[in-house]
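What follows is calculated from the coordinates using simple rules that are stated; it is not laboratory data. Because the structure is a prediction, the values reported are computed rather than measured. Reconstructed Cβ throughout: ideal geometry from the backbone, glycine too, with neighbour counts over all protein chains shown.
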Amino acid sequence: MGLRTSGALLLPLCVTPALAQKPASTATPGLAERRLAGVDIQAGRYKLPVDLHKNAVMMENDANGSGGGDESVEWDTPACHVRVLSRYADPKGARTTYSATVTRPEDQPAVSKPEPGSCATFRGVGMGDPVSKALAAYGSRVTITPGKRPQTTLLHWEWQNGTVLEITLDAKSLIVGLDLTGNVE
């Protein structure tokens, strides 16, 4: 495939400001991905879980003691499980999304082709796609961490603004998970 793999540890998903200002030579070129499963992690604001998806359910709400906190909202589609993380300053106010994760539903043994966009990024990379589609969309400036067992190989792209896209591959190099996280300060 022509890509070098490394056993290096991936950067944490909550990117610090120092890491967000990496030299351009190590950052993924172009505009950062910002949408996964229809959720915009840079501009997404909502008030209720149903504003994200008609079947969304709030799973966790961790207040930090000063009125604000983090929230996890999840839902299933026929082809994937979606989890969205957000922050809020006021428990009754709007939430701001900063992470979206797509995985295979636990009761589904294989990846099926979802309806367009439901389990995919804005650039059309989604569940069940071959690794070549991700490389074509995001380029070869990627960190690859090979797994010792199926479904643990990770591809990691990071843009200059701190946005990170991680894609999990199965043993056949098909996408079985996606995680898109914005720079959280």
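Name the long-range amide H neighbours of Thr153: under 5 Å, sequence gap of 5 or more, or other chain; modelled H, no Pro or chain starts.
Those qualifying (amide H under 5 Å, at least 5 residues apart or on another chain) are Gly147, Leu169.
Quick one: 3J(HN,Hα) in Hz for segment 28-41, Karplus 6.51/-1.76/1.60 with θ = phi - 60°, rounded, Gly and Pro as x.
Computed from phi, the couplings for segment 28-41 are 5, x, x, 6, 5, 5, 9, 10, 9, 6, x, 9, 8, 7 Hz.
Using r as the Cβ-Cβ distance of Arg149 and Met58, and R0 as 41 Å, what FRET efficiency do you calculate, to the nearest 0.05?
My answer for the efficiency is 0.80.
Output wanted: per-residue J couplings in Hz (rounded whole) for segment 122-138, from phi through Karplus 6.51 cos²θ - 1.76 cosθ + 1.60, θ = phi - 60°, x for Gly and Pro.
4, 7, x, 8, x, 4, x, 6, x, 4, 4, 5, 5, 5, 5, 7, 10
Please list 3J(HN,Hα) in residue order for segment 48-57, calculated via the Karplus relation 6.51 cos²θ - 1.76 cosθ + 1.60 where θ = phi - 60°; whole Hz, with x for glycine and proline.
Couplings: 10, x, 5, 5, 7, 7, 4, 9, 5, 10 Hz.
According to a simple spin-label model (label point 7 Å from Cα along Cα-to-Cβ), what is the distance in nm between Ser132 and Ala89?
Between Ala89 and Ser132, the label points sit 4.9 nm apart.
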